[in-house]
1. Hey, can you tell me all the residues within segment 228-251 that are within 25 Å of G20 (Cβ to Cβ) and either touching a Leu at 6+ places or on another chain (Cβ under 8 Å) or more than 9 Å from the ligand (Cβ to nearest atom) (or both)?
2. Can you find, within segment 203-220, the residue that is nearest to G22 (Cα to Cα) among those that are among the small types (G, A, S) and within 7 Å of the ligand (Cβ to nearest atom)?
3. Just wondering, is there one or more residues in segment 416-428 that are within 21 Å of A122 (Cβ to Cβ) and surrounded by fewer than 12 Cβ atoms within 10 Å (Cβ to Cβ)?
4. Taking E179 and the conditions (1) touching a strand residue (DSSP E or B) at 6+ places or on another chain (Cβ under 7 Å); (2) away from the ligand (no atom under 16 Å from the Cβ); (3) of a type in the set (D, E), which numbered condition does it fall short on, given that it satisfies the others?
5. If we scan segment 253-269, do we find a residue that is free of Cβ contacts under 8 Å to residues at least 60 places away in the same chain, in contact with a helix residue (DSSP H, G or I) (Cβ under 9 Å, 6 or more places away or on another chain) and within 9 Å of the ligand (Cβ to nearest atom)?
6. Please verify whether A42 is small (G, A, S), free of Cβ contacts under 8 Å to residues at least 12 places away in the same chain and part of a loop (DSSP other than H, G, I, E, B), treating the condition exactly as stated.
7. Please pick out the residue among T138, T123 that is farther than 30 Å from V211 by Cα, of a type in the set (S, T, Y) and in contact with a strand residue (DSSP E or B) (Cβ under 7 Å, 6 or more places away or on another chain).
8. Taking segment 78-116, which residues are under 13 Å from L197 (Cβ atoms) and either buried (at least 24 other Cβ atoms within 10 Å of the Cβ) or not aliphatic (A, V, I, L, M) (or both)?
Amino acid sequence: MTLNAQPAASLFIGGRPVEGQGAPLPVLYPFTGQVIATLHEASAEQVADACRIAADAQPAWAALPPVERGRVLARAAQIIRDRGDELARLETLDTGKPIQETQVADWPSGADALEFFAGLAATVTGQMIPLGRDWAYTRREALGVCAGIGAWNYPSQIACWKAAPALAMGNAMVFKPSEETPLGALKLAEILIEAGLPAGVFNVVQGRGAVGGALVSDPHVAKVSLTGSVPTGRRVYAAAAEGMRHVTMELGGKSPLIVFDDASLEDAVGAAVLANFYSSGQICSNGTRVFVQAGIRDAFLARLAERVARVKMGDPMDPDTQHGPVINAAQAAKIRAAIASGVDQGARLVCGGAGEGAFIPPTVFADATDDMSITRDEIFGPVMTVLTFADEDEVVSRANNTGFGLAAGVFTADLTRAHRVVAGLQAGTCWINAYNLTPVQMPFGGVKQSGIGRENSAAAIEHYSQIKSVYVGMGPVESPY
Ligand code: NDP
């Protein structure tokens, strides 16, 4: 099998591949550690060029009839679907995630976003405000140049989720993927050009945090949309504030998944597995604090251990593999340190543990307490902490006792209770008798430290546009002077 994923060039600026003038950026296949491409970071001048070129291209793009912008996005969605296998393979090389996931979740969800915002583009209207003789109206206008910055867990989905609403509203974008996973965004740039996007409207720069920092501070940038950790989010939000830029912050979480004793045990266990081990646990919205009502705790843990024992770990390109490596050695070391701290602090390891090399097996802790670091901190790996609770008030208060507020889930057969509990949970995205489903039609995002703004759905349009108010005088001007 060929493992060469070298792109035509490292960056994509002004409608064509451009080689980076900065430091080398080796791209490793997480399964083997082999170098599959060597890219180069963008220099500071190249970041500035990309932003200037985007600013130059944006007005003509914004001036097109929205339905025409939508057609370009719809064509891009179709190209992605037509090339599904090739793109899934590239995503697996970039991330190490099993091909059975990248074929159904990553690019397909990006295509869904492009298709959704393609349709929405032409439906955005303003308001007419009657004022007697005079009247006013509003126009929803593009912001200008948007900077997109992505994390490494869903690189192509993140690029599409940001590009689709931004471009639909007539903005241009300069996107910086994570240094760990630079390949998917370059493909998206090529596909958008093939679909008819004018040169310069979507650009890609590569690099580590400093390149992201230069991008966020560029004077042409009107908005920053970041998917990343809470500490990076704080830094980027502060830098954006300097220029009074708009922000969308999709940050980390430590989300609760609450299982009442009347829930379907099989569904709740299945959801807990999905909510913790998909993408080797590297998902922001994962339900890593699983609160199980005391009466079903033992049955829940027994069935969980049985189902986890069947998870097939191995070569991500094998279609039967369900659990691949984590992104890199540093992340594996961080996850192992978290597992060791759980053991040291007295939690009981039900299954899993340190693993080997880049593989961390699905790991479940029981008998943990709310103050342990495995219960409090985001691990961003396949580590589930099972906690027990007695009643509804107690579990809602413990579920909310965190600085994060990205997501939450409730399993119960009592629908009245389900809606009451969800109403009390401090989380931007909640599921009832389901977990981690993020259809493009539904707003997605966090509260508290987990972020600002929403991606997906019509709500995203508000975060990629601004309102202009226009007062229309219909008679003589009454002036006191
Ligand atoms: P990081 O916060 O480390 O990085 C996110 C992005 O920001 C990367 O592209 C990174 O570049 C860049 N960056 C780092 N420093 C700066 C800076 N000063 N200015 C501008 N950009 C900067 O996150 P990870 O990539 O490690 O991703 C994991 C985190 O992302 C987890 O906390 C996870 O919960 C969160 N996440 C949130 C999601 C959501 O939708 N809420 C979805 C997916 C992940 P580089 O990588 O090159 O350093």
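1. Scanning segment 228-251 gives G228, S229, T232, V236, A240, G243, R245.
2. G207
3. Scanning segment 416-428 turns up no residue that is within 21 Å of A122 (Cβ to Cβ) and surrounded by fewer than 12 Cβ atoms within 10 Å (Cβ to Cβ).
4. Every condition holds for E179 apart from (2).
5. So in segment 253-269, the residues free of Cβ contacts under 8 Å to residues at least 60 places away in the same chain come out as 261, 265-266, 269.
Filter once more, keeping what is in contact with a helix residue (DSSP H, G or I) (Cβ under 9 Å, 6 or more places away or on another chain): 261, 265-266, 269.
Imposing the further condition that a residue be within 9 Å of the ligand (Cβ to nearest atom) reduces the set to none.
Looking through segment 253-269, none of the residues is free of Cβ contacts under 8 Å to residues at least 60 places away in the same chain, in contact with a helix residue (DSSP H, G or I) (Cβ under 9 Å, 6 or more places away or on another chain) and within 9 Å of the ligand (Cβ to nearest atom).
6. no
7. On the way: T123 fails: in contact with a strand residue (DSSP E or B) (Cβ under 7 Å, 6 or more places away or on another chain).
Result: T138 is the single residue among T138, T123 that is farther than 30 Å from V211 by Cα, of a type in the set (S, T, Y) and in contact with a strand residue (DSSP E or B) (Cβ under 7 Å, 6 or more places away or on another chain).
8. Filtering segment 78-116 down to residues under 13 Å from L197 (Cβ atoms) leaves 79, 114.
Result: L114, single match.
FYI, it's all coordinate maths here, none of it is from the lab. Quantities reported herein were computed from a predicted structural model and do not represent experimental measurements. FYI the Cβ positions are ideal-geometry reconstructions off the backbone, even for glycines, and counts take in every protein chain you see.
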